[in-house]
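Since every read-out is calculated from the coordinates, none of them should be taken as a lab result. Bear in mind the structure is a predicted one, so any value in this text is a computation, not a measurement. Here the Cβ positions follow ideal geometry from the backbone for every residue, glycine too, while neighbour counts run over all protein chains shown.
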Amino acid sequence: MDNPKVEDLPKIKKSILDRSIDFIFSNDERRWLILIFILGVILRFFVANNVSFLGDEMVHGPHIIGFLHSGLISTFAHSPLWFYLGDMVFKIFEVTAFSTRFLSFFYGSLSILLVYLITVKIFNIRVALLSSFLFSVSYFTIRYTLAEMDHSASFFLLFAIYFFITQNEKGKFPYLAAVCLGLASLIKTLSLFFVPAFLIAFLIFDFKRESKKEYFIKNIKKCLLFGLIVVLFFSPILIHNYLWYTDKGMVDEYFAQYFDIGNVRQAYAGQLGYDSGLLSCRFFEGTFKMLSYIFMMDPLIVILGIMGLVFLSFSIEKRKYLLLFIFFELFGFVLLILSNWLPTHYTTMMPVLCIFGGYGLSRIFDYVTRPFSGGGRKKITFFIIIAILLFQFFLVPVGTPVIEKTNLVNHLTSRCGAVQMRDYAVDKMDKNSLVIADSRIYRGRIAWLFNDFHYLESAYLSQLLEANKNMSGTDIAMNIYFVECAVDDCGWGTIKNQPDFNQSMENIVSLFSQIPVEKTLYGGGGYEEEKTTIPVYRVYKTQIPLKPQVLQIADSTHDWFYYPVNYLPKEKIFDRYSVNGFFDNLLYKLAWLILIISIVIALILPLVIFFKLFNNSQ
C-alpha cells in the first residue's frame with residue numbers, strides 16, 4: 001500500500017474546517033440557523049443565570065445534589081434520569097444557579113435545532129428556519145429555562161417525533177422513537193401522556209388500502225412492540241415502586257395520587273397537591289386558565305401557530321403530519337390539565353406551536369411580499385423579523401400576574417439575590433465556619449445555598465446554644481456567618497401572615513445587627529419583589545465561642561423534603577428499602593442496567609443532532 005504523501009496531510013486536517021467555512025460563507029440558507037441557535041443560547045443563558053427562583057426549583061434543585069451516590073433507582077416524586085444527569089453537571093461545574101439549571105439550558109437550546117430538523121422534514125428550509133427562529137425567541141420557553149424537568153423531557157419528545165417521521169418514511173419500525181419516549185419518561189413521568197399520540201400515528205402513517213383485518217393486526221403488533229420498548233425504559237420507576245411496596249408498603253406520589261394504593265396518600269397529604277387525584281371536575285377551568293396563560297406569555301407565537309394550523313389543514317399531502325401534531329398536543333394538554341396546572345409543564349406545547357407558526361409566518365411572507373421584487377422582498381422580510389424580535393423582547397408577556405409583568409430585557413440586565421448569594425458563598429465564605437441562615441429564607445433555598453457548608457436555620461439557634469452549654473470540652477472562637485433575609489420573606493411567600501414568627505426572626509437579627517455588614521446583596525432578575533435598589537440578603541461575620549461538636553449538631557438538621565441534604569446519611573432517605581430474594585435482586589440489577597444505558601444515550605443524542613445537520617441527512 002502506498003504511503004500518504006506529505007502534501008496530502010494538510011488537506012486531510014483542513015477538510016472539516018474548510019467545509020465549515022465554506023458553509024458559513026455560502027448562499028445556503030441554513031447558515032442562518034447558526035445565528036438563530038446562538039441567539040437562543042444567549043437568551044437562555046442569561047435567564048438561567050439571572051432570574052429569581054420559583055418555588056419548585058428549590059424543591060428539585062437541592063435533590064440533585066449527591067444523587068449519584070444516593071443508590072436510588074427513582075425518587076418518591078420524580079423520575080431519576082434528570083437527577084443523575086444533573087449531579088453529573090454538579091461534579092463538573094459545582095453548585096451554582098447556572099449548573100442547577102444547566103439541563104434546561106442545554107437540552108432547551110438543542111431543541112432549537114431539533115425544531116429545525118423536524119420542520120425541514122415536513123416542509124422546507126425556509127419554514128424550518130422560521131420555526132426554529134420562533135422557538136429561539138419564545139418568551140414562554142426561555143422564561144422557564146429553570147431547574148425543572150420539562151425542557152429536558154421536551155428534547156427527548158421532539159427526538160421521538162423526529163425519529164418516528166424519518167424511520168416511518170424509510171419503511172422501518174420507529175424503535176428509536178420509542179427509546180426517546182422512554183428516556184423522556186425517565187426524565188419526567190408526565191411524558192407518558194404523549195405516548196397515545198404515537199400509537200394513533202401508526203394508524204395514520206401506515207394507512208394503505210388493504211383489508212381492514214390485516215391493517216389493524218399489523219398495526220396492533222407495532223403498537224404493542226412500541227409500547228413495550230417505552231415500558232422497558234420506564235421500568236426502573238416501576239421496579240422502584242414494586243421493591244419499595246414489597247419491603248415497606250409504600251409507593252411514589254404518582255401511584256399514590258392516581259391509583260390510591262393502600263394508605264400511602266396520607267404520607268403525601270398537603271404536599272404540592274399530591275393528594276388531589278385527577279382534576280376532572282375542574283377540567284374547563286384548568287383549560288381556560290392554561291390556554292390564557294400560554295397566550296399571555298407568547299401571544300404572537302400562539303396566533304401564528306393557529307394560522308399555520310389553519311393553512312396546513314388545507315394540505316392533503318401534509319395531513320398525516322398535521323394529525324400527528326394535533327394528537328401530540330391534544331393528549332399532552334388534556335392529560336396535563338387533568339393532572340397539574342403548573343405553567344412550566346406546558347412548555348412541551350411550544351415546539352409544535354412554533355412549527356405551525358413557522359409555516360404560518362412563511363405564508364404571511366408570501367402574501368405580503370408578493371407585489372415586490374427580490375430586493376424589496378428581502379427588506380420586508382428583514383423588517384418583519386426585527387419587529388418580531390422587538391415584540392418578543394419588550395412587549396410580552398401581556399396582562400399576566402404581577403410576578404410575570406416583565407419582559408425578556410429585564411431578565412438580561414440583573415441577577416436575583418439568591419443567585420448572587422450562592423456565588424458569594426462559594427467565592428468568599430469559609431466552609432469550615434458555621435452559617436446561621438435566617439429562617440425567613442425558604443428552607444429549600446437554604447439547603448441549596450449552603451449545601452456544602454455547616455449551616456443552621458436561625459429558628460434552631462437557641463437550641464444549639466443550649467446544647468453547647470451542656471457539652472463537655474472547651475469553647476473555641478468559631479467563625480460565624482449570619483445571613484439575613486432583608487426583605488422579611490425570601491421564597492416562602494407566607495411570612496406576612498405570621499407576624500409573631502417574623503418578629504422572632506427580627507429579634508435574632510438584632511443580635512447581629514451591631515456587627516458591621518460584611519456584604520449586602522441587592523435584588524435583580526427582573527421582578528418587582530427583587531428590584532435592584534432593594535437589599536435582599538445581608539451577610540454578617542463574627543466569632544462566637546462554641547465547642548467544635550456543634551458543627552455536627554448543625555449538620556444533623558440538614559433535611560429537605562423527604563431527603564437528607566446530599567443524601568447523607570443514607571439511613572434517612574425516605575424511600576430507602578431492602579432488596580430480598582433472587583428475583584427482586586435481578587429486577588434491581590435490571591433497573592440499574594437500564595439507567596446506565598439511558599444515561600449513555602442521553603449524552604450521545606445531542607451529538608446525533610450535529611451529525612444530521614453537518615451531513616445534510618435530514
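Tabulated data for the structure shown
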{"read-out": "Given charges at beta-carbon only (K, R positive; D, E negative), |dipole| of region 417-572 in Debye", "value": "240"}
{"read-out": "Net dipole in debye of the chain [+1 Lys, Arg Cβ; -1 Asp, Glu Cβ; about Cα centre; nearest 20]", "value": "2440"}
{"read-out": "Normalised per residue, the volume of the convex hull around the Cα set of the chain (Å³)", "value": "242"}
{"read-out": "Degrees, to the nearest 10: 319-337 long Cα axis against longest axis of the chain", "value": "20"}
{"read-out": "Region 59-191: C-alpha gyration tensor shape, a/c 1.5 cut-off, then a/b vs b/c", "value": "oblate"}
{"read-out": "Lone cysteines, the chain (no partner Cβ under 4.7 Å)", "value": "Cys180, Cys223, Cys281, Cys354, Cys416"}
{"read-out": "Point-to-point label distance, Lys379-Asp475, nm (Cα→Cβ direction, 7 Å offset)", "value": "8.0"}
{"read-out": "Region 49-126 versus region 347-374: alpha-carbon centroid distance in Å", "value": "30"}
{"read-out": "Percentage relative contact order, the chain, counting C-alpha pairs under 8 Å, at least six apart", "value": "18"}
{"read-out": "Shape of region 417-572, Cα gyration tensor, a/c cut at 1.5", "value": "prolate"}
{"read-out": "Within-12-Å neighbourhood charge of Phe123 [Cβ basis; K, R +1; D, E -1]", "value": "+3"}
{"read-out": "Contact order normalised by residue count of region 417-572, Cα under 8 Å, 6+ apart, percent", "value": "30"}
{"read-out": "FRET efficiency estimate (nearest 0.05) - Cβ-Cβ, Ile220 to Leu323, R0 22 angstrom", "value": "0.70"}
{"read-out": "Additional length obtainable on full extension of the chain from Val231 to Asn615, 0.36 nm per residue less Cα span", "value": "135.0 nm"}
{"read-out": "Pairwise FRET efficiency - Tyr460 versus Asp500, Cβ, R0 = 30 Å, nearest 0.05", "value": "0.95"}
{"read-out": "Low-density loop cleavage sites - trypsin sites (Lys or Arg not before Pro) in region 543-618, where at most 16 other Cβ are within 10 Å (DSSP)", "value": "Arg576"}
{"read-out": "For the chain, the longest site-free run once chymotrypsin sites (Phe, Trp or Tyr not before Pro) in DSSP loop states with at most 13 other Cβ atoms within 10 Å are removed", "value": "373-618"}
{"read-out": "Label-point gap, in nm, between Lys572 and Tyr242 - each point 7 angstrom along Cα→Cβ", "value": "3.2"}
{"read-out": "Radius 13 Å from Cβ of Phe561, net charge of other residues (Lys, Arg +1; Asp, Glu -1)", "value": "-2"}
{"read-out": "Degrees separating the helix 212-248 axis from the principal Cα axis of the chain, which is the longest one", "value": "10"}
{"read-out": "On Cα atoms only, tilt of 299-312 relative to the major axis of the chain in degrees", "value": "30"}
{"read-out": "Surrounding net charge for Ile237, when Lys and Arg each add one and Asp and Glu each subtract one, Cβ distance under 12 Å", "value": "-2"}
{"read-out": "Cross-link table Lys469/Lys572; Lys431/Lys547; Lys188/Lys320; Lys188/Lys222, entries beyond 19 Å C-alpha to C-alpha", "value": "Lys469/Lys572; Lys188/Lys320; Lys188/Lys222"}
